[in-house]
Amino acid sequence: MKNLATRDREIIWHPYTQMQTAALPIGIVRGEGSLLYAESGDVYLDAVSSWWVNIHGHSHPYIAEKIAQQVKTLDHVIFAGFTHQPAVELAEKLLTILPQNQRRIFYSDNGSTAVEVALKMAIQYWENAGTPKRRIIAFRDSYHGDTFGAMSVSSRSAFTQPFVQYLFEVDFLDVPVVGKEQLVLSQIEEILKNNAVAAFIFEPLLLGTAGMVMYQPAILDELLEICQKHNVITIADEVMTGFGRTGRNFATDYLKNKPDIMCFSKGLTGGVMALGVTSCTAAIYEAFLSDNPGKTFFHGHSFTANPIACATALASLDLFVEDSCQNNIKRICQQHEQFRAQIAHHPILKECRQLGTVLALEFNAGETSYFNNIRQKLYQFALDNQVILRPLGNIIYVMPPYCTTNAQLAQIYQVVSGMLTLMAEN
Ligand SMILES: *Cc1c(COP(=O)(O)O)cnc(C)c1O
């Protein structure tokens, strides 16, 4: 019998993968806690939470049990004209931990669809109000997903290049990293002077795909205040930052001003099932209430509010609010801080930054093509040491499931230190 990798290579097309040159994928047969067990017998420490989604560890028995119960009770039901317990209960529970102004829950399938829903809500809000506005503001380096609307409000890059004529125009702001705040304030004032802007969409405090780029709550609070003053709907894309990643439940918990619309996925189900949520204020919701059927929000997916996915999210939330999970988040924040203090002044590093459970090291490597060669080496080096760390450009980041033990963190840090040595030698 051929192994998984070989059978895969004959028929499967992988995401973000140049299939001609890519190494064979690693077949994984089992997961437990922060560990992934490979077909070959190798065991890997999942330091990237399986693409930023996993928060309680793999195949958690409590989540598995709740999924089994749900699938035996109700697997799926059309969500137009029908409802079910997991969807209702999840909406109730989410609204108790979301910012107070969030009053309605709209379900979809993933992060990109949660963003599509948010953009369509914002655009149709102004349409329904009889004052259509066309422009959207976003951060230049942001990432909001891979569907066309989400791509449109994301950074223009090699990834979006073939589609660029098909993307709608967006007014981009620089990311207001420390030192750039005044520039960004003047940029937004300029845009608002010349345009009728429908919405401002942003990754709050932490831009993941941009390379774990971080900025301060104070400047985001200012941007939100300016938007509110100009009647611009604000959309927080918390697909990555939600559910404890930043050290608080949500990145927007660091803010005084709250967004009108919020997007969630990834950690929402503990990273176990595909589910998207877009929440909004009462004002947004009410703009769609009308005797005129044309004002309806005509959006949905076959698997909208899938009961198994909702039950999974409920199980994940049960674990998330427990003291042991909250303490684990704090513990990882502290461990990251201690390690950061040790390496922050390494000469090969341009910057070492942290927000909550996310630690990112940016290398001094200025030239990207040079770095691309070393990137593969670093990735392989981590794998050879049984840790999954995927460099993003010239950045290495650590984003572990919250159940990752201190001993496992020490193993990750040791590999990161090894990467620094490897880089210094190159
Ligand atoms: C991952 C991500 C998305 C897209 O989510 P998918 O489920 O991969 O479609 C959107 N926004 C942010 C901030 C993300 O990190």
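Quick rundown of the values:
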{"read-out": "Amide H contacts of VAL213 (H built 1.01 Å from N, under 5 Å, at least 5 apart or other chain)", "value": "LEU207"}
{"read-out": "³J(HN,Hα), Karplus 6.51/-1.76/1.60, whole Hz, each residue of the range 404-414, x for Gly, Pro", "value": "4, 7, 4, 5, 5, 4, 4, 5, 5, 4, 5"}
{"read-out": "Reciprocal of mean inverse Cα separation for the chain (Kirkwood radius, Å)", "value": "22.6 Å"}
{"read-out": "Accessible surface ranking that places the most exposed of GLU127, GLU89 first, with a 1.4 angstrom probe", "value": "GLU127, GLU89"}
{"read-out": "Highest average packing first - 230-242, 12-24, Cβ atoms within 10 Å", "value": "230-242, 12-24"}
{"read-out": "Accessible area of the range 62-103 divided out per residue, in Å², using a probe of 1.4 angstrom", "value": "64 Å²"}
{"read-out": "Spin-label proximity, ALA407 to the range 20-58 - amide N less than 14 Å from point 7 Å beyond Cα toward beta carbon", "value": "34-35"}
{"read-out": "Candidate aspartates and glutamates for bridging to LYS377, where Cα separation is under 17 Å - those fewer than 8 sequence places away on the same chain excluded", "value": "GLU362, GLU367, GLU425"}
{"read-out": "The range 1-42: Cα Rg divided by the 2.2 N^0.38 Å rule of thumb", "value": "1.28"}
{"read-out": "Members of LYS72/LYS295; LYS258/LYS330; LYS193/LYS256; LYS133/LYS350; LYS66/LYS258 lying beyond 31 Å, as alpha-carbon distances in this model show", "value": "LYS72/LYS295; LYS133/LYS350; LYS66/LYS258"}
{"read-out": "Expected 222 nm ellipticity per residue - DSSP helices of 4 or more, -39500 (n - 2.57), all of the chain, to 500", "value": "-12500 deg cm²/dmol"}
{"read-out": "Highest to lowest packing among 115-124, 266-275, 36-45, scored as the average C-beta count within 10 Å", "value": "266-275, 115-124, 36-45"}
{"read-out": "The chain, accessible surface, carbon-and-sulfur percent (1.4 angstrom probe)", "value": "53 percent"}
{"read-out": "Per-residue ³J(HN,Hα) for the range 318-329, Karplus 6.51 cos²θ - 1.76 cosθ + 1.60, θ = phi - 60°, Hz, x for Gly and Pro", "value": "3, 5, 4, 7, 5, 4, 4, 6, 4, 5, 4, 4"}
{"read-out": "Using θ = phi - 60° and Karplus 6.51 cos²θ - 1.76 cosθ + 1.60, couplings along the range 160-170 (whole Hz; Gly, Pro as x)", "value": "9, 3, x, 10, 4, 5, 9, 8, 6, 6, 9"}
{"read-out": "Gap separating the Cα centres of the range 352-426 and the range 199-248, nearest whole Å", "value": "25 Å"}
{"read-out": "Part-to-part distance (alpha-carbon centres) for the range 29-89 and the range 281-337, which is given in Å", "value": "16 Å"}
{"read-out": "Amide H within-cut-off set for HIS60, under 5 Å, with H built and near neighbours excluded", "value": "none"}
{"read-out": "Shape metrics for the range 239-323, restricted to C-alpha atoms - Rg then Dmax, Å", "value": "15.2, 48"}
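The values are calculated or read from the model by the stated rules, or taken from the named source; none is laboratory data. Model, not experiment: these values are computed from the prediction. Note: ideal-geometry Cβ built from the backbone for every residue, glycine included; neighbour counts use all protein chains shown. Only protein heavy atoms, including side chains, enter the accessible area calculation; ligands, DNA and RNA are left aside. Shrake-Rupley method; radii C 1.70, N 1.55, O 1.52, S 1.80 Å.
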